[in-house]
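Report on the following structure.
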Amino acid sequence: MTQGAWCGGGVVRARATRADDVRRAKRLGSMASVSLSEAEKVYIVHGVQEDLRVDGRGCEDYRCVEVETDVVSNTSGSARVKLGHTDILVGVKAEMGTPKLEKPDEGYLEFFVDCSANATPEFEGRGGDDLGTEIANTLYRIFNNKSSVDLKSLCISPREHCWILYVDVLLLECDGNLFDTICIAVKAALFNTRIPRVRVLEDEEGSKDIELSDDPYDCIRLSVENVPCIVTLCKIGYRHVVDATLQEEACSLASLLVSVTSTGVVTCMRKVGKGSLDPESIFEMMETGKRVGKVLHASLQSVLHKEESLGPKRQKVGFLG
């Protein structure tokens, strides 16, 4: 269990009905909220126009990111990420299953998002269910395709056996910018995932037996090089910011989620919020997302590979450290 930290800096789905937009805005707006006076909103908006945010960052700067891997012992891989006070825990569990009929030679990922009531009182009871489903669906569209993860490497025997990766996301604390933090945590957890090597043995009668290696070092690893990260850009006034805090999100009527690979390729985009974005703003936000996304990937990969290179000598921090 080690910890690293750093600081620094498609296709738009159209034709959604107005009612769909309103329902989606309500679901995403329920992730957490703060009450600001008009004077506080004016202060934040005017500061953003001058490229000076309340905490001293520029419009394209992230808060400090803390990454800790291998934090849950009974999983195939896990990670905990803190971005500001937003705290996300992700566990990956590999289990054998049957491939989907439409993709008989591939494994697949399943996502489940649990919005803890400790994150915000609004998640008490079933308050976070809609948001959890919305986030899980977004993650599924981004990660569960062969251009992001080598799903064929998860196939054991075509049409018969494959690995299914169950990715559980737990929101421990919410301080804005949920999607970016969750994507960083999922990518770190997939990087940390070890899947036991499997051998398929066939006898003289043609029946197949699955032999699972009991050597903890005899495993396969997933390549996360092409796994994208989400960069959320919030439109505040005439400018946009990355890694918005809860207070800044309260001043924004529209945001653009841009899924970016390490090479700066945009894999998908999604507009959230009840406000509108003009084409010029969308283009500018896309360019910012690609620029910031490449830096984000490089920083994350650097931290993950540094931890990997330390081996047993890595400083053990622990989940409650």
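Rule-based calculations on the coordinates, nothing more; no lab input. Just so it is clear, the structure is predicted and the values come from calculations on it, not from any experiment. Note: ideal-geometry Cβ built from the backbone for every residue, glycine included; neighbour counts use all protein chains shown.
Table for the structure above
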read-out: Extension gain, N226 back to K41 (0.36 nm per residue minus Cα-Cα distance, nm); value: 62.8 nm
read-out: Amide hydrogen neighbours beyond the local backbone of I156, cut-off 5 Å, H modeled; value: H161, C162, W163
read-out: Distance in nm between pseudo-label sites at L253 and V54 (7 Å out along the Cβ direction from Cα); value: 2.0 nm
read-out: Rounded to the nearest 20 debye, dipole of the stretch 36-309 from Cβ charges on Lys, Arg, Asp, Glu; value: 740 debye
read-out: Centroid-to-centroid separation of the stretch 203-241 and the stretch 255-309 [C-alpha atoms, Å]; value: 19 Å
read-out: 27 Å Cα-Cα threshold exceeded, pairs from K93/K274; K93/K271; K82/K103; K82/K290; K146/K235; value: K93/K274; K93/K271; K82/K103; K146/K235
read-out: The stretch 173-275 - percent relative contact order, Cα under 8 Å, separation 6 or more; value: 24 percent
read-out: Two-site label geometry, S73 and V198: point separation in nm, points 7 Å out along Cα→Cβ; value: 2.7 nm
read-out: Projected label distance in nm at K146 and F283, using a 7 Å step from Cα toward the beta-carbon; value: 3.5 nm
read-out: Computed over the stretch 36-309: relative contact order in percent, which uses C-alpha pairs under 8 Å that are six or more apart; value: 19 percent
